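The values are calculated or read from the model by the stated rules, or taken from the named source; none is laboratory data. None of these values were measured; they are calculated from a predicted model. Positions of Cβ are generated from backbone atoms using ideal geometry, with glycine treated the same way; all protein chains shown enter the neighbour counts. Accessible surface areas use protein heavy atoms only, side chains included; no ligands, DNA or RNA. Shrake-Rupley method; radii C 1.70, N 1.55, O 1.52, S 1.80 Å.
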Amino acid sequence: MKLLDETRDLIKECTMELGLPETVYDLLHDPRKMLCANIPVRMDNGKIKTFRGYKAQHNNALGPYKGGIRFHPDVTFDEVKALSMWMSLKCAVIGVPFGGGKGGVVVAPETLSKGELERLARNYIRATADILGPRVDIPAPDVGTNPQVMGWMVDEYNNIVGKHEPGVITGKPIPLGGSEGRLQATSRGIAYVVQEACKVKGYDFNGLKIVIQGFGNVGGNSALLLHEMGATIIGVSDVYGGLYDPNGLNIPEIMEYLKEHKTIADYPKAEKISNQELLALECDCLIPAAMENQLTAENAPNIKAKMIIEAANGPTTKDAEKIIIDKGILLCPDVLANAGGVAVSYFEWVQNNYYYAWTEEEVNKRLKEKMVKAFYSVYNFGTERNIPLRKAAYMLAVKRISDAMSLKGWF
Ligand code: NAD
């Protein structure tokens, strides 16, 4: 997979520029542990169907492995590996005591009944339980999974170990030990990053014209929060198509429309555009919040945004990034911009460990502190050295992980 190779290349570049021994790259270029499982599920028709599942544990020098479980038909082992690497980097950048992990199942969850989805979630946990634990590996939701799926998963884990272990999974429903503010955490973190990026670039956040690709948990909530905070969302899309209004879209109404129609593409009160047209819109800020590989060498020359905040993981290819940087666009990388989710997952884990229940205000305040601190540590490191922010974030993260590995005597 191209993104996996590109991640490895950048990690190698960083280790060399940081003057770290080659062993550091050897330790980081692949996950420490990988698991591939054939997961049987009894379907509603009584027949057994098997699903391919993966788990990657990249690095745990800074703490237990942490990362979401993705249910999507295009999941591959390489994708799960790359995502686990990004989690290691993300946890180091945002400063939470976790390493990087990830899980995935090759499945289109919308094709399953509720019962089938529950049995798949439970059986994924049975297949991986040996390498999970609140001090070992702590999954969370990702694309195609949600708090309900986490609820089944934590219950299955508790059944296996015979005790109550809410800290084994984050992103749980609130009655099961989930944290206030977790559902919107990634999006809230994005919004804080947009605000800080405006400050350093001297743009007015009020009325900032924003385009968002993807209208799921991250994209939809980012649109809503940014709209509520005073920005103007002029373009949004989902997999079926995009919407445009140069005067600003009514995001709360589009959220309501989505609940009823399962897609925003046919919302009647806006101009319909394709996803490619959306990416090329004249705007101040573009937020890719859908999937990997959306900004490519083919469409990057058409981008007119002044800044790009990566809400999705890996939305920009290496070739596209070069074009974007050359155009003078500020590109805020995924490992920084979307780290709000894992920051609040960390808060959830802390609350589970100590039986605390913080208010949403408390969670949001702590999230803002973490995001703002991480933003300036990456931004200042990058501007002082005149390097792109992705490279700055990777260098900071690799150094932190390398220091931890060295102190543990791994090299
Ligand atoms: P989701 O499944 O809730 O939403 C994905 C959205 O993208 C949907 O609206 C879908 O229609 C749209 N989409 C999919 N393919 C598309 C395409 N080719 N063109 C345009 N739109 C497309 O997923 P999510 O949880 O919102 O995650 C989105 C991204 O954010 C992923 O890269 C994920 O890894 C990343 N992320 C999520 C979290 C989290 O807390 N959920 C945290 C960090 C990063």
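Things worth noting here:
- Mean-position separation - Cα centroids, the range 240-265 and the range 344-410, in angstrom: 33
- Computed E for Met255/Tyr356 - FRET, C-beta separation, R0 41 angstrom, nearest 0.05: 0.85
- The apolar share of the surface of the range 33-175, taken as the fraction of accessible area on carbon and sulfur atoms (1.4 Å probe, ligands and nucleic acids excluded), comes to 51 percent.
- Antiparallel %, DSSP beta bridges [both residues in the chain], to 5: 50
- Accessible area per residue was computed with a 1.4 Å probe on protein heavy atoms; Arg400 scores about 90 Å².
- Over 25 Å apart at the Cα level, from the set Lys12/Lys322; Lys199/Lys318; Lys2/Lys209; Lys209/Lys269; Lys199/Lys262, are Lys199/Lys318; Lys2/Lys209; Lys199/Lys262.
- For the chain, calculated [θ]222 nm from helices alone, where every DSSP H run of n ≥ 4 adds -39500 (n - 2.57): -15000 deg cm²/dmol
- Note on Phe71: accessible area approximately 0 square angstrom, rounded to 10, probe 1.4 Å, nucleic acids and ligands left out.
- For the range 185-337, share of DSSP beta bridges that run antiparallel, in % to the nearest 5: 30
- Heavy-atom accessible area ranking, 1.4 Å probe, most first, across Trp86, Trp358: Trp358, Trp86
- Three principal axis extents describe the C-alpha atoms of the range 185-337; from largest down they are 41, 31, 26 Å.
- Calculated on C-alpha atoms, the gyration radius of the chain divided by its Kirkwood radius gives an Rg/Rh of 0.95.
- Karplus-based coupling profile of the range 318-324, in residue order and whole Hz: 4, 5, 5, 4, 4, 4, 5, with θ = phi - 60° in 6.51 cos²θ - 1.76 cosθ + 1.60 and x standing for Gly or Pro.
- If the chain linking Lys322 and Lys373 were pulled fully straight, counting 0.36 nm for each residue of separation and taking away their Cα-Cα distance, it would gain 15.7 nm.
- Rolling a 1.4 angstrom probe over the protein heavy atoms with all chains in place gives the chain an accessible area of 40 Å² per residue.
- Hz values of 3J(HN,Hα) by residue in the range 363-368 - Karplus curve (6.51, -1.76, 1.60), Gly and Pro given as x: 5, 5, 5, 5, 4, 4
- Euclidean distance of C-alpha centroids, the range 142-180 and the range 82-121, integer Å: 13
- With a simple spin-label model that places each label point 7 Å from the Cα along the Cα-to-Cβ direction, the separation between Thr23 and Asp403 comes to 1.9 nm.
- GNM result for the chain, Cα springs below 10 Å: residue of Glu348, Glu196, Glu22 fluctuating most strongly: Glu22
- Members of Lys102/Lys399; Lys90/Lys306; Lys304/Lys373; Lys102/Lys391; Lys172/Lys272 lying beyond 30 Å, as alpha-carbon distances in this model show: Lys172/Lys272
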